Amino acid sequence: MRSPQNATVLVTGAGRGIGKRLSLGFAHAGARVGLLGRHQGELDVTKLEIEDAKGTALRLRADVTNFDEVSAAVERLNTVWGGVHTLIANAGVLGPVGSFADQKPSQWREVFETNVIGVMNACRAVLPQMIHRRSGKILVISCAGAAAPRSGFASYAASKAAVARFVETVAEEVRDHNVQINSIFPGESYSNMTDEILRAGQAAGPEELESAERVRLTGGIAPEKQIQLALFLASERSNHITGKLIYAQDDWKKLESDNCRPDAFTLRRHK
């Protein structure tokens with residue numbers, strides 16, 4: 001994406017949290033934003049906020065776990081705006097909190113269907129047109145648990161680690177087609193997941209509770225940092241960067257002019 005102006009961006013889980021923030025940020029930068037999510041009311045609010053700020057958005061009600069629904073949403077974007085230039089695969093669920101030994105297999109299945117299969121469905125729906133066009137950007141929202149253990153959040157951390165390796169692998173497959181795919185850890189931000197951690201109480205552990213309470217009070221990392229990283233990775237300035245796991249707190253601006261080692265900013269987070 002040379003410039004967000006008039007480019008089409010598809011955001012999954014666009015009705016709230018990080019997805020909503022990034023949708024607003026890309027719309028403000030001039031992109032046309034496809035808002036994909038399960039909850040019509042949330043999408044309506046996001047669309048209204050974008051349009052009130054003179055932006056352009058299209059609601060796409062779909063469940064990322066259903067490939068046919070995601071494909072239909074992408075086809076609608078293709079018809080209305082002529083294709084998807086950037087995908088932001090954000091939709092995710094926190095899943096069970098607490099000791100793995102006390103969790104139900106059905107809870108893990110829900111987490112992996114949304115956080116892993118949902119990402120796969122979204123990527124699979126947009127990649128053929130990006131490969132054909134020889135241009136495209138995919139950003140997958142990750143978390144700290146992708147690169148380090150996160151006690152009490154085994155299913156969520158495992159799903160994000162799986163997605164990080166998926167990103168690294170697909171990046172190699174599409175590298176020669178001028179398509180880049182990266183993972184973003186947006187940092188601690190207030191969202192419905194923050195409230196879920198607070199409701200979990202002691203099952204989340206004292207450090208997680210303390211962090212969630214701090215984020216609830218402060219809002220966490222500034223949205224501008226998240227948006228600027230996403231805009232950079234969606235632009236042609238980052239065409240040499242793919243298969244990476246980048247934190248909003250990283251000194252990522254140096255990546256624009258510097259080539260990093262092949263193992264840098266990967267699942268193991270070597271710098």
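Would you calculate, for the chain, the mean residue ellipticity at 222 nm contributed by helices, counting each DSSP H stretch of 4 or more residues as -39,500 (n - 2.57) and dividing by all residues, to the nearest 500? Walk me through the numbers on the way to the answer.
Values: 9 runs with 118 residues, N = 271.
Helix contribution divided over all residues of the chain: -14000 deg cm²/dmol.
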The summed charge of the PRO96 Cβ neighbourhood (under 13 Å; Lys/Arg +1, Asp/Glu -1) stands at +1
What whole number of Å gives the distance from the Cα centroid of the stretch 70-88 to the Cα centroid of the stretch 145-169? 28 Å
Going by alpha carbons, how many degrees (0 to 90, nearest 10) lie between the helix axis of 17-28 and the longest principal axis of the chain? 20 degrees
Given ILE50, ALA29, PRO96, which one lies farthest toward the positive end of the charge dipole of the stretch 1-114, if we put +1 on the Cβ of every Lys and Arg and -1 on the Cβ of every Asp and Glu? ALA29
What angle do you read, to the nearest 10 degrees and between 0 and 90, between the alpha-carbon axis of helix 223-233 and the longest principal axis of the chain? 50 degrees
For LYS137, give me every one of the aspartates and glutamates with a C-alpha distance below 18 angstrom, ignoring sequence neighbours fewer than eight places off in its own chain. GLU75, GLU168, GLU172, GLU173, ASP176, GLU236, GLU256
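Anything over 18 Å Cα to Cα? Flag those among LYS20/LYS54; LYS20/LYS47; LYS47/LYS160, in the order listed. Intermediate values should be presented prior to the final figure.
Details: LYS20/LYS54 16 Å; LYS20/LYS47 9 Å; LYS47/LYS160 28 Å.
The answer is LYS47/LYS160.
Quote the charge dipole size of the stretch 84-161 about the Cα centre in Debye, to the nearest 20; the model charges only the Cβ of Lys and Arg (+1) and of Asp and Glu (-1). Intermediate values should be presented prior to the final figure.
Values: 8 positive and 3 negative charges, 74 e Å.
Using Cβ point charges on Lys, Arg, Asp and Glu, the stretch 84-161 gives about 360 debye.
How big is the equivalent ellipsoid of the chain along its three axes, where each semi-axis is √(5λ) from the Cα gyration tensor, reported in whole Å from largest to smallest? List each step's numbers first, then the result.
Details: eigenvalues 146, 92, 68 Å².
For the chain, the ellipsoid semi-axes come out as 27, 21, 18 Å.
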Suppose every Lys and Arg Cβ carries +1 and every Asp and Glu Cβ carries -1, with no other charges. What dipole size does the chain come out with about its Cα centre, to the nearest 20 debye? 540 debye
Carbon + sulfur, % of accessible area of the stretch 36-173 - ligands and nucleic acids excluded, 1.4 Å: 53 percent
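The values are calculated or read from the model by the stated rules, or taken from the named source; none is laboratory data. None of the values given here were measured: they were computed from a predicted structure. With ideal geometry, Cβ positions are generated from the backbone for all residues, glycine too; neighbour counts draw on all protein chains shown. Each accessible area value is taken on the protein alone, full model and side chains, heavy atoms only, with ligands, DNA and RNA left out. Shrake-Rupley method; radii C 1.70, N 1.55, O 1.52, S 1.80 Å.
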